[in-house]
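For reference, the structure is listed below as structure tokens.
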Amino acid sequence: SFSLNTKQFLKTLHLNPMIMNLNHDSVKVKVDYYMKKFNYTRAQISKVFKIFPSIICYPVETVEKRVELLSNEFGLNIEKIAKAILISPSILGFKEESLLKKRQFYMDNFSVTKEQFNKMLAFLPTIFNLSEDLILEKAKFYNEHFGLTSQEFIKKFTTFPSILEYNMDTVLQKADYYMKKLNLSKEQFKEFILNLSLIHISEPTRLRCIA
């Protein structure tokens, strides 16, 4: 059903040994469910299974409850849920209390409303997988060095999540380079961060684009 070669099968087995307990009929029921419920192709289901094999281990009833929660509590329609699963299939693995706790973290620390968080989730389904400590650390860094408010930081990382991946010393070096080369103030560089994602492109490349 999933077109796995030996290497892929062993990797999938390592991720979730429980797949060995599944029988053919059980797998078929679940594959048919995902195809009908989310309008997935077999290729899409296979892709998701390779990175998150647990998706085939969950009872259909459990998935239905997760879908109902994402719809009723987080405002995602079936198309957005289908897209979210393709991007971050582990979203089906979180229990209700974990999802609600994660949303509360953003509400408490970044003053986002439920509606704002739900929009963030629709745009960035991996938000449930991100380390809270890392987010707080990076938010503090961008505030102290570039004056980004918590709201500005949240807006930036949900549209450009790789901002969390950058080494902070590298960001400071790039900031120093651009501010000297382009005679920018910290406030002006802040606007570059918010609007142009300047920090992820090499200095010569960005200067050619600006020129």
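The values are calculated or read from the model by the stated rules, or taken from the named source; none is laboratory data. All figures in this text were calculated on a predicted structure; none of them were measured in a lab. Because the Cβ atoms are built from the backbone with ideal geometry, glycine has one as well, and the counts that use them run over all protein chains shown. Calculation scope for accessible area: heavy atoms of the full protein, side chains included, ligands and nucleic acids excluded. Shrake-Rupley method; radii C 1.70, N 1.55, O 1.52, S 1.80 Å.
Divide, for segment 26-171, the radius of gyration over alpha carbons by 2.2 N^0.38 Å, where N is the residue count.
Ratio of Cα Rg to 2.2 N^0.38 Å: 1.15.
Give me the number: length gained by fully extending S162 to K140, i.e. 0.36 nm times residue separation minus the C-alpha to C-alpha distance, one decimal in nm.
Length difference between fully extended and current span is 6.3 nm.
Under a Cβ-Cβ cut-off of 12 Å, what is the net charge of the residues other than I85 that fall near it, where Lys and Arg count +1 and Asp and Glu count -1?
So the environment of I85 carries a net charge of +4.
Which entries in K50/K155; K65/K102; K36/K102 show an alpha-carbon gap greater than 24 Å?
K50/K155; K36/K102
Hey, if we sort R66, R103, R42 by accessible area with the 1.4 Å probe, largest down, what's the order?
Listed by decreasing accessible area, they come as R42, R66, R103.
Taking each pair of different alpha-carbon atoms in segment 61-141 once, compute 1/r for the pair, average those values, and report the inverse of that mean as the Kirkwood hydrodynamic radius in Å to one decimal.
Over segment 61-141, the inverse of the mean reciprocal pair distance is 13.0 Å.
For segment 148-156, in order, what is each residue's ³J(HN,Hα) by Karplus, 6.51 cos²θ - 1.76 cosθ + 1.60 with θ = phi - 60°, in whole Hz (x at glycine and Pro)?
Karplus values, whole Hz, x for Gly and Pro: 5, 6, 4, 5, 5, 5, 4, 4, 5.
Under 20 Å between alpha carbons, and skipping anything fewer than 8 positions from K37 in its own chain: which aspartates and glutamates qualify?
K37 reaches D25, E61, E64, E68, E73, E79.
Can you tell me the accessible area per residue over segment 41-156, all protein chains present, probe 1.4 angstrom, in square angstrom?
50 Å²
For segment 67-126, with all protein chains present and a 1.4 Å probe, just round the carbon and sulfur fraction of the accessible area to a whole percent.
It is 50 percent, rounded to a whole number.
Under 14 Å from the Cβ of P161, count the other residues' Cβ atoms, weight Lys and Arg +1, Asp and Glu -1, and hand me the total.
Net of charged neighbours comes to +2.
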